[in-house]
1. Rounded to a whole number, what % of the accessible area of segment 113-186 do carbon and sulfur atoms account for, probe 1.4 Å?
2. So, R0 is 41 Å and r is the distance between the beta-carbons of Asp136 and Met176; what FRET efficiency does that work out to, to 0.05?
3. Please list, in chain and number order, the residues 5+ apart from Gly115 or on another chain whose amide H is under 5 Å from its amide H, with Hs placed from the backbone.
4. For Ile245 and Val76, FRET efficiency with R0 = 45 Å and r from the beta-carbon atoms, rounded to 0.05?
5. So what J values fall out for segment 221-232 if you push phi through Karplus, 6.51 cos²θ - 1.76 cosθ + 1.60 with θ = phi - 60°, rounded to Hz, Gly and Pro as x?
6. Return the FRET efficiency for the residue pair Lys91, Ile191: r is the Cβ-Cβ distance, R0 is 41 Å, and the value is rounded to the nearest 0.05.
7. In whole angstrom, how far apart do the alpha carbon centroids of segment 105-164 and segment 192-218 sit?
8. Starting from the Cα gyration tensor of segment 147-232, take the square roots of the eigenvalues, sort them a ≥ b ≥ c, and report rounded, prolate or oblate (rounded when a/c is under 1.5, otherwise prolate if a/b is larger than b/c, else oblate).
Amino acid sequence: MGAIVGAMYAQNPDAADAAERFRDFLRNVDYDALGLQYIVPEGEEPALLQRFARTIARRIYYSTMGSRSSILKPRVLRKALAKLLDKGSVKDARIPFCAVAADLNTGKALRLRDGNMRKAVLRSALIPGYLPPESDGPRLITDGGVVEPVPVDSALAMGADVVIAVSVDPSGMAPMEEASMISIMRRCDLIRGMYIAREQASKADVAIHPDLEQYHWSEFLEFDKFLEAGVKETEKRIGDIRRAIRKKHWFWRFLS
């Protein structure tokens, strides 16, 4: 989502317009057809019989899905990007833009700074397991969040003087209620991602952490609540942002 929102703003630097364009997309999309209802975690089911049925369903699900590369089809994301992004190349953007992806064959970050904008953003948003990776010669490309969930290094590599990062990793985690094999694996992956995100965010001049713990990332219909949380947290950090900009600008003026 960082690449999608970043690309929208880079093409047209108007936050209100980007927000309205996303709202319009959500109003007109067949939300159930996206398949996101299979991603959002289910509520607790205390009844023993319900838990047993859920366990059996999970075993069938994982046995049939294990050989597939993804749950969703990439055409779902392509259709969304066609609505949210204008045609053109990355270099056509009014603000310098970079989409970060990951190469599954080398484990390295890929900084996509040229070529078709929609294609670059698509590659940056291929969430592992949910959307299949894309082959490109010797590279097998997937979501940039695998290597740079908060791409501060990429922003610095592009020559940014001041980096204001946004990280939506959870600040805490609820105790595990069911220590099954799958839940343990998911929890370990979550912990690893949190540590990587925090390490990368620490390199930014200012890191903003909106409070989104009560939501799952795929609950796009809660978009306005996500936006409100981001605005609220950013307003708290306006002083820090201004100080970071003044400090860096003074430093560069001194050197010149």
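The values are calculated or read from the model by the stated rules, or taken from the named source; none is laboratory data. Note that the coordinates shown come from a computational prediction; the quantities given were computed from them, not determined experimentally. Note that each Cβ is placed from the backbone with ideal geometry, even for glycine, and that neighbours are counted across all protein chains shown. Accessible surface is based on the protein model in full, side chains and every heavy atom, while ligands, DNA and RNA are left aside. Shrake-Rupley method; radii C 1.70, N 1.55, O 1.52, S 1.80 Å.
1. On the way: 2240 of 3840 Å².
Solvent-exposed carbon and sulfur of segment 113-186 make up 58 percent of the total.
2. Details: r = 38 Å, r/R0 = 0.93.
Step by step, r from the Cβ atoms, then E = 0.60.
3. Amide H to amide H, under 5 Å and 5 or more residues apart or across chains, Gly115 pairs with Val90, Lys91.
4. Working: r = 39 Å, r/R0 = 0.87.
About 0.70, to the nearest 0.05.
5. 5, 8, 3, 5, 5, 4, 4, 4, 5, x, 4, 4
6. Values: r = 38 Å, r/R0 = 0.93.
It comes to 0.60.
7. Each part's Cα centre sits 17 Å from the other's.
8. On the way: a/c = 2.57, a/b = 1.44, b/c = 1.79.
Judged from the Cα gyration tensor, segment 147-232 comes out oblate (a/c at least 1.5, b/c at or above a/b).
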